[in-house]
């Protein structure tokens, strides 16, 4: 009896270790009750069979679902081969595969059957409704994805010279349903750039006409993702990269020449014109007399920056350069203090973007300062 209790304790310890991981927990007839009834956690359980095609299609979604709750102590995602482990299957009258049951920790012997669409967004919504627990990074709020169709793409993209990142979807497409929550998050990240860039969807099975677009871009599978640059509908770039949020953000940042993070804010590199790094650092590191003799070449280098999206940054560079030649010589240091304080306030995204890129530029100039930068100014004082 004592030996049995020791093994039982060891099992519970190992089971809890498994629950802390991001992987789906594998149950069988010998441990099902310990995992589901005695763990003190909510359990979402898939009853599957190894030969079941629908179960195989569900597997990657189920893995992703488990990963979404890896930091939620009250939620565990479980699967059991009920074709082999028939005791657990018969306990709940399992007759088809996959069968999905949610076991509430308050009443684990009376599970709730899941009977909706088997996609990540629907699963997380189902769990949230039953427990109030949201998955990590779960999307909430209205979608900022712009819907496009045959009758709107020329008006909204081509005629305005906008760039657009477009996903073609269909209602029946399971991969589309899994992907759309990530696409919605991507639209959130780049919503501040909506005046020049759109995150869009062409819903090919909706009410609006899409046959022309499907034919033009030879859309044969879903989801298909492509990028339209500056309104040029005739030369799309088909996206072949990974469809996770970090890779999508990296791709868009490169395409529209910006530097946003997953929170939608500009990062510490935004605003800095690396094409002129060398000339700027040499300029900022010498005394004011030498700077005066260099200013013409510095401005000429800025004019060579061939990027129409960086006009505001170029203008601000010139303002900083002017202060280092003609004064006020404390402009850079004082502005860093002032703008840093502004970021602590509750300001709009546009105001935050404007503040961040200017602050980054100022800090870059500061990083180039040497003992020579303000030497003559101090001597005069």
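Miscellaneous remarks
- Residue match in region 256-268 (condition: under 29 Å from residue 161 (Cβ atoms), outside the structural domain of residue 354 (by the TED database), crowded, with 17+ Cβ neighbours inside 10 Å and out of contact with any strand residue (DSSP E or B) (no Cβ under 9 Å at 6 or more places or on another chain)): yes
- Candidates 174, 151, 161, filtered to the one that is closer than 19 Å to residue 220 by Cα, surrounded by fewer than 18 Cβ atoms within 10 Å (Cβ to Cβ) and modelled with pLDDT under 95: 174
- Residue in region 293-305 that is closer than 30 Å to residue 239 by Cβ and either buried (at least 18 other Cβ atoms within 10 Å of the Cβ) or at pLDDT below 95 (or both) present: yes
- For region 268-325, the set of residues classified as in contact with a helix residue (DSSP H, G or I) (Cβ under 7 Å, 6 or more places away or on another chain) and without any contact (Cβ under 8 Å) to a residue 12 or more places away in the chain consists of 323 only.
- Residue match in region 358-373 (condition: in contact with a strand residue (DSSP E or B) (Cβ under 8 Å, 6 or more places away or on another chain) and at pLDDT 95 or above): yes
- For residue 350, the stated conditions hold: it is loosely packed, with under 12 Cβ neighbours inside 10 Å, assigned to a helix (DSSP H, G or I) and out of contact with any strand residue (DSSP E or B) (no Cβ under 9 Å at 6 or more places or on another chain).
- Residue 157 vs. criteria in contact (Cβ under 8 Å) with a residue 12 or more places away in the chain and out of contact with any helix residue (DSSP H, G or I) (no Cβ under 9 Å at 6 or more places or on another chain): yes
- Qualifying residue in region 271-286 (condition: assigned to a loop (DSSP other than H, G, I, E, B), farther than 26 Å from residue 356 by Cβ and in the same structural domain as residue 318 (by the TED database)): yes
- Annotation note: of 186, 180, the sole residue that is in contact with a helix residue (DSSP H, G or I) (Cβ under 8 Å, 6 or more places away or on another chain), under 24 Å from residue 257 (Cβ atoms) and crowded, with 20+ Cβ neighbours inside 10 Å is 186.
- Qualifying residue in region 126-137 (condition: under 30 Å from residue 229 (Cα atoms) and either assigned to a helix (DSSP H, G or I) or touching a helix residue (DSSP H, G or I) at 6+ places or on another chain (Cβ under 8 Å) (or both)): yes
- As for region 237-255, it holds at least one residue that is in contact (Cβ under 8 Å) with a residue 40 or more places away in the chain, exposed (fewer than 14 other Cβ atoms within 10 Å of the Cβ), closer than 21 Å to residue 179 by Cβ and not assigned by the TED database to the domain that holds residue 362.
The values are calculated or read from the model by the stated rules, or taken from the named source; none is laboratory data. Fair warning: this is a prediction, and the values are worked out from it, not measured in the lab. Neighbour counts are summed over all protein chains in view; Cβ atoms, including those assigned to glycine, are modelled from backbone coordinates with ideal geometry.
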